[in-house]
1. Restricting attention to segment 37-48, does a residue exist that is buried (at least 24 other Cβ atoms within 10 Å of the Cβ) and more than 17 Å from Asp320 (Cα to Cα)?
2. Val271 fails exactly one of the following numbered conditions: (1) assigned to a strand (DSSP E or B); (2) under 22 Å from Ala183 (Cβ atoms). What is the number of that condition?
3. Run down Asp99, Asp28 and say which single residue is out of contact with any helix residue (DSSP H, G or I) (no Cβ under 8 Å at 6 or more places or on another chain), among the charged types (D, E, K, R), closer than 21 Å to Ala129 by Cβ and not in a strand (DSSP E or B).
4. Looking for whichever is in contact (Cβ under 8 Å) with a residue 12 or more places away in the chain and either closer than 30 Å to Phe243 by Cβ or assigned to a strand (DSSP E or B) (or both) here; the options are Ser21, Ser16. Which one fits?
5. Which residue out of Thr283, Thr295 is among the β-branched types (Val, Ile, Thr), modelled with pLDDT of 95 or more and surrounded by fewer than 16 Cβ atoms within 10 Å (Cβ to Cβ)?
6. Here is a list: Ser193, Ser205, Ser201, Ser181. Which entry is outside the structural domain of Gly117 (by TED's automatic domain parsing) and outside any helix (DSSP H, G or I)?
7. Hey, can you tell me all the residues within segment 114-162 that are among the polar types (S, T, N, Q), in the same structural domain as Cys79 (by TED's automatic domain parsing) and not in a loop (DSSP other than H, G, I, E, B)?
8. Restricting the search to segment 269-325, which residues are acidic (Asp, Glu) and under 19 Å from Ala129 (Cβ atoms)?
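The values are calculated or read from the model by the stated rules, or taken from the named source; none is laboratory data. Here the structure is a predicted model, which is why all the values come from computation and not from measurement. With ideal geometry, Cβ positions are generated from the backbone for all residues, glycine too; neighbour counts draw on all protein chains shown.
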Amino acid sequence: MTQARTEASRLGYEHSAAYDSGFLPVGDIHKLWYEQYGQQGGKPVIFLHGGPGGKTTIQNTAFFNPAVYRVVLLDQRGCGKSTPPADLRENTSHHLVSDIEALRKHLQIPKWHLVFGGSWGSCLSLLYAQTHPEAVGSLVIRGIFTVRKAELAWFYEGGISQFFPQQYDAFINFLPEDKRSDAMSAYYALMTSEDKATRLSAARSWSEMELCTSNLFIDQEGLKKLDDEVWVLAHSRIEAHYFKHGAWIEDGQLLKTENIDKIRHIPTTIVQGRYDMVCTPRTAYDLHKAWPESTLIWIPDAGHSAEEPGTKKTLIEICDQYAEL
């Protein structure tokens, strides 16, 4: 490995400014923001952000060698620079899958060389690949999440309190006592209130627990995102909207044999932090058991975030390997 690639595997690749960006209208409500980086004629990779309700930034390009990849970033409906912000209308998993396909065709990409997604992005990657397997050349997914009821119960019904009792107490005690038995629905009601102050205070409480539990060590800098009203409302409202509705997919749908069979042939690497408290290792293991043709890599000293050193280094190295396919 060259010295440059060795350094990249530690810090990430640096990309110049986007060579292309714009809005893609989808339906009558939403306009999706996308950007392209790297080689215009390179191997196309799409980065699917987490949340749902997150956003993309140029930092998300760090996994991909700009000499090889054509990197496409997409802000999902209601997220980032996409408009209207935090809008829940016509915003479901199936809309997002259609959006990825619409963007691929808009950019005249015959097939994604690589679909890359973490956390919610891993769920969306799987759902897209199972819907459009002919459009996916390879998958790199990390911090695996499949929206099963047990996964949501772990985080929002108290399982995580075994490891983060203070953070969970703050999350649950934000609600009136008679609403705590169904925290997700209670938060959803607050975050869809007509009163902005009510929406914002609930959104900050919802997001704070996730930010406090996403790293092996709490990222104090990351907590500053709670001051970003646009981000915090989109992140929290859209997450609660999707989770309350089970992301509009059947419980366990992504792990069913008939659905794994659709993508079994696609080269896939799963990366999972051993101490991930947001999307617990059980799901990554269950996915690999259902799909033994995939490669599962454990990061022994990491939680959920893709920015933790061991996880980031591994993801960059994997994307370098897929660049050679």
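1. yes
2. (2)
3. On the way: Asp28 fails: closer than 21 Å to Ala129 by Cβ.
So the residue among Asp99, Asp28 that is out of contact with any helix residue (DSSP H, G or I) (no Cβ under 8 Å at 6 or more places or on another chain), among the charged types (D, E, K, R), closer than 21 Å to Ala129 by Cβ and not in a strand (DSSP E or B) is Asp99.
4. Working: Ser16 fails: either closer than 30 Å to Phe243 by Cβ or assigned to a strand (DSSP E or B) (or both).
Only one candidate qualifies: Ser21.
5. Residue meeting the stated conditions: Thr295.
6. Matching residue, one of Ser193, Ser205, Ser201, Ser181: Ser193.
7. Ser122, Ser125, Gln130, Thr131
8. Of the residues in segment 269-325, the ones acidic (Asp, Glu) are 276, 286, 293, 301, 307-308, 317, 320, 324.
Within segment 269-325, Asp286, Glu293 meet the criteria.
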